[in-house]
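One structure below.
The values are calculated or read from the model by the stated rules, or taken from the named source; none is laboratory data. No experiment lies behind these values; they were computed from the predicted model shown. Cβ sites come from the backbone with ideal geometry, for glycine too, and all protein chains shown count toward neighbours.
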């Protein structure tokens, strides 16, 4: 929040967001009946989404039914409903989701991870591992699912930690945080895509604003995560009486939480 109030706002584009055309705004008249109907439709749609499993209707189906109800009740005309569709967002999702799935299923994400791990050398320091895993996880999550990025890198990080005799907890935590740093591309996360057209943003706007925020998150992780354990030794060193199963247990706990999410 402090970053966006100070540095981030200076990096934002100076142009204004899209607004309704004056003639369109003049045509719209406040109708109390339509306002009530819209509020009822919205409340019903939200309730149906919350009770998705109970009523057996998917959220996307519920949203479409709500949109049709707005047209059928006269709250929106067909032209207004059509103009309300953000085609830029739809085509971006349509193009990037298959690409993200292809990176996961084809092994391209695994290949990138293996290359980065190879560049670290045979005996990298724990600090270097945290930094490299953060950068790799953050880079992958800009173009593929953050869940897939974390699930892909968690076992790799645990394996590396065991190899050099370091605790896997800080490394896995860095991967989880980095997978949520989806700031630097319009396709990194759905909210980024949804504001693309409305804010008249360009690809480089996300890079200029998001990259410093990612670097800030990296610095905080490198400073805080290693010292967040019970002690310096507990954060980095696996003692000889520590069972290997504890590291494996971390991985399966993460996988279980990811699947639930």
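For the stretch 116-145, the set of residues classified as over 16 Å from residue 226 (Cα atoms) and buried (at least 22 other Cβ atoms within 10 Å of the Cβ) consists of 136, 137, 138, 140, 141, 142, 144, listed by residue number. Looking across the stretch 1-13 at every residue that is assigned to a loop (DSSP other than H, G, I, E, B) and either more than 26 Å from the chain's Cα centre (by Cα) or surrounded by 10 or more Cβ atoms within 10 Å (Cβ to Cβ) (or both), the one that is modelled with the highest pLDDT is identified as 12.
Out of everything in the stretch 47-97 that is closer than 24 Å to residue 202 by Cα and outside any helix (DSSP H, G or I), what residue ends up being modelled with the lowest pLDDT? Walk me through it before giving the result.
Let us first name the residues in the stretch 47-97 that are closer than 24 Å to residue 202 by Cα, namely 82-97.
With the extra rule that they be outside any helix (DSSP H, G or I), the set shrinks to 84-86.
On the way: 84: 75, 85: 77, 86: 69.
Looking at residues that are closer than 24 Å to residue 202 by Cα and outside any helix (DSSP H, G or I), I get 86.
One residue stands out among those in the stretch 36-51 that are surrounded by 14 or more Cβ atoms within 10 Å (Cβ to Cβ) and within 27 Å of the chain's Cα centre (by Cα): the one that is nearest to residue 80 (Cα to Cα), which is 45. The residue that is modelled with the lowest pLDDT, counting only those in the stretch 184-210 that are under 15 Å from the mean Cα position of the chain (by Cα), surrounded by fewer than 21 Cβ atoms within 10 Å (Cβ to Cβ) and assigned to a loop (DSSP other than H, G, I, E, B), is 189.
Does residue 167 fit the bill of being assigned to a helix (DSSP H, G or I) and in contact with a helix residue (DSSP H, G or I) (Cβ under 9 Å, 6 or more places away or on another chain)? Walk me through how you get there before you give the answer.
Numbers: assigned to a helix (DSSP H, G or I): no; in contact with a helix residue (DSSP H, G or I) (Cβ under 9 Å, 6 or more places away or on another chain): yes.
Spelling it out, it is not the case that residue 167 is assigned to a helix (DSSP H, G or I) and in contact with a helix residue (DSSP H, G or I) (Cβ under 9 Å, 6 or more places away or on another chain).
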